[in-house]
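Trainee: First, the structure itself, so that you have it in front of you.
The values are calculated or read from the model by the stated rules, or taken from the named source; none is laboratory data. Small disclaimer: the values here were computed from a predicted structure and weren't measured. Glycine gets a Cβ as well: all are built from the backbone with ideal geometry, and neighbour counts include every protein chain shown.
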Amino acid sequence: MRIYRWVVFALVVVMLVTTGLGCNSPSAQEQKDSTPVTLTYWRVWDSPDDLQPIINAYRAMHPNVTIQVRNFRFEEYEQKLVEALAEDRGPDLFSVHNTWVNKYRPKIAPAPATVSIPFQTVVSRLGGISKETKIETRTNRIISPAQVKTNFVDVVADDVLWPNGTSSAVFGLPLSVDTMVLFYNRDLLNAAGIPEPPRTWLEFQSQVKKIVRQDKEGNITRAGAALGTANNVDRSFDILSLLMFQNGTVMAQGGRVSFQQLPPALEKARDIPPADEATIFYTDFAYPAKEVYTWNDKMPSGLDAFINGQVAFFFGYSYHLVSLKDRAPKLNLGYVSVPQIEGNPSITYANYWVETVSKKSKHVNWAWDFINFATGPEQVKKYLDQTQKPTALRSLIAGQTEQEALLPFVNQLLTARSWYRGTDPAAAEQIFKDLINTVLAGTQTVREAVNLAAGRMQQTY
């Protein structure tokens, strides 16, 4: 009887297999849809391993897709990217700085509204006796401009949404958004009798004056802050931009750069344009005749000086934490939100990278589907936990405020701004450096120097 049962069972299995009931093979179209696809992805700063959990999750749904991540040093990245795109050997996906989006916009394929993507699943049948590989093509919606404004912090929409025909389109999405903070050396503040770091710029000025030390020849032996010059202050463009924003400067409006325009609320209250005031405030820290003099162009880079204990305050981002912890593990380090102008709206500054798709990619739909997948809350959290970076998504802010190491960066996300959206970011940074150097040299009045900078900046828009 037992032998009879096994014979019957074997005959049933053979019948199912030979008649096709036990394995429903994909159709010709489904097989075409699941053709192997390789996406090349160029990035900077991160390790390829930082994205691996997201890639693994994507490939679990799309085993026909291989994503090859290549990371570059920042110093070489843009040159290699420009050369590769010009020679039609560029990547399918690549990262650009948030201020580079307009520069690369002609080379970017904007996000489509939807993509048709095959999904592969394995279905067990007959109690596990047979398994069926099922491929079905689904239509996925890619994030819309309206959803970018809703889901991401405000600065993202300003940077990634651009005109495309008669409407706007998404030209990239970030995995994170970094914000500028004020790093400080606790030991130097303690030595100067300062119990807490500054919250306002007036407090900042007062503390700098208490910290700075000069020898008999007037050489700075201990600096209060790496601030005031152009070339040896890390991200001097960002710091001066931040001061202009906080002081009420209209940086650019309707594609017009002026820096001199006063916002309507201030037209009757102030005679000096806020950009001029911000420039004076910044350069005073490197002007020997000023009480807040604390820095000059003979000093080392701000980061090096901070690591060596030569300066108490340093303005930087979360990515600077890696260098600080690696190069100065014994530094008694603290960091807080950037100072604000008392009585003015709180404004901070953003610095981040955007993931986008090459217009010349042969797999634009696949590439955008991956970016859409990777930047969603469920997946991007894996990347943020791995890299310890602040989120770009509003929905993840509350969770990150519970992480002490990220708190100062995360607390600033909703007030973070950025502004340069021209076609030559490198030229824009040099224009700001020239503005700072001209004011310090005294070869032009501040107003003349700011006007010249605005005119030069306009030429890059």
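Trainee: I'd like the full set of residues that are of a type outside the set (A, V, I, L, M, F, W, C), in contact (Cβ under 8 Å) with a residue 60 or more places away in the chain and part of a strand (DSSP E or B), limited to region 153-182.
Mentor: Asp178, Thr179
Trainee: Within region 198-222, which residues are touching a residue at least 24 places away in the same chain (Cβ under 8 Å), more than 21 Å from Asp304 (Cβ to Cβ) and outside any helix (DSSP H, G or I)?
Mentor: Residues satisfying the conditions are Pro198, Arg199, Thr200, Gly218.
Trainee: Those residues that are out of contact with any helix residue (DSSP H, G or I) (no Cβ under 9 Å at 6 or more places or on another chain) and closer than 17 Å to Leu182 by Cα, I need them from region 309-333; list them, please. Before the answer, list the steps.
Mentor: Taking region 309-333 first, the residues out of contact with any helix residue (DSSP H, G or I) (no Cβ under 9 Å at 6 or more places or on another chain) are 319, 321-322, 325-326, 329-330.
Passing the criteria: Tyr319, Leu321, Val322, Lys325.
Trainee: While we're looking at this one, here's another question. Which numbered condition trips up Arg394, out of (1) touching a residue at least 24 places away in the same chain (Cβ under 8 Å); (2) under 30 Å from Val82 (Cβ atoms); (3) not hydrophobic (A, V, I, L, M, F, W, C)?
Mentor: (2)
Trainee: What single numbered condition from (1) over 26 Å from Asp284 (Cα atoms); (2) in contact with a strand residue (DSSP E or B) (Cβ under 7 Å, 6 or more places away or on another chain); (3) of a type outside the set (Val, Ile, Thr); (4) not in a loop (DSSP other than H, G, I, E, B) fails to hold for Met457?
Mentor: It fails just one condition, (1).
Trainee: Within region 361-402, which residues are surrounded by fewer than 22 Cβ atoms within 10 Å (Cβ to Cβ), hydroxyl-bearing (Ser, Thr, Tyr) and more than 17 Å from Asp92 (Cα to Cα)?
Mentor: Hits for region 361-402 are Tyr383, Thr387, Ser395, Thr401.
Trainee: OK, next. From (1) modelled with pLDDT of 95 or more; (2) touching a Lys or Arg at 6+ places or on another chain (Cβ under 8 Å); (3) not small (Gly, Ala, Ser), pick out the condition that doesn't hold for Pro198.
Mentor: That leaves (2) as the condition not met.
Trainee: Filter the helices (runs of 4 or more DSSP H) completely within region 224-340 down to those with at least 1 residues that are among the acidic types (Asp, Glu) and more than 21 Å from the chain's Cα centre (by Cα).
Mentor: The qualifying helices (runs of 4 or more DSSP H) are 274-284, 302-307, 320-327.
Trainee: Sticking with this one: When you scan region 295-310, do you find a residue that is under 17 Å from Leu243 (Cβ atoms) and modelled with pLDDT of 95 or more, even just one?
Mentor: Checked region 295-310: at least one residue is under 17 Å from Leu243 (Cβ atoms) and modelled with pLDDT of 95 or more.
Trainee: Here's something else I'd like to know. Give me the pairs, please: first residue somewhere in region 30-56 and within 15 Å of Asp369 (Cα to Cα) and modelled with pLDDT of 90 or more, second residue anywhere and among the basic types (Lys, Arg) and not in a strand (DSSP E or B), beta-carbon distance under 6 Å, and either six or more positions apart or on two chains.
Mentor: Pairs found: Ile54/Lys382.
Trainee: Does region 296-318 hold any residues that are surrounded by fewer than 16 Cβ atoms within 10 Å (Cβ to Cβ) and either in contact with a Phe, Trp or Tyr (Cβ under 7 Å, 6 or more places away or on another chain) or of a type in the set (S, T, N, Q) (or both), and which are they?
Mentor: The answer is Ser301, Asn308.
Trainee: Shifting gears a bit: Among the residues of region 392-430, how many are outside any loop (DSSP other than H, G, I, E, B) and either among the aliphatic types (A, V, I, L, M) or within 15 Å of Lys381 (Cβ to Cβ) (or both)?
Mentor: Final tally of qualifying residues: 16.
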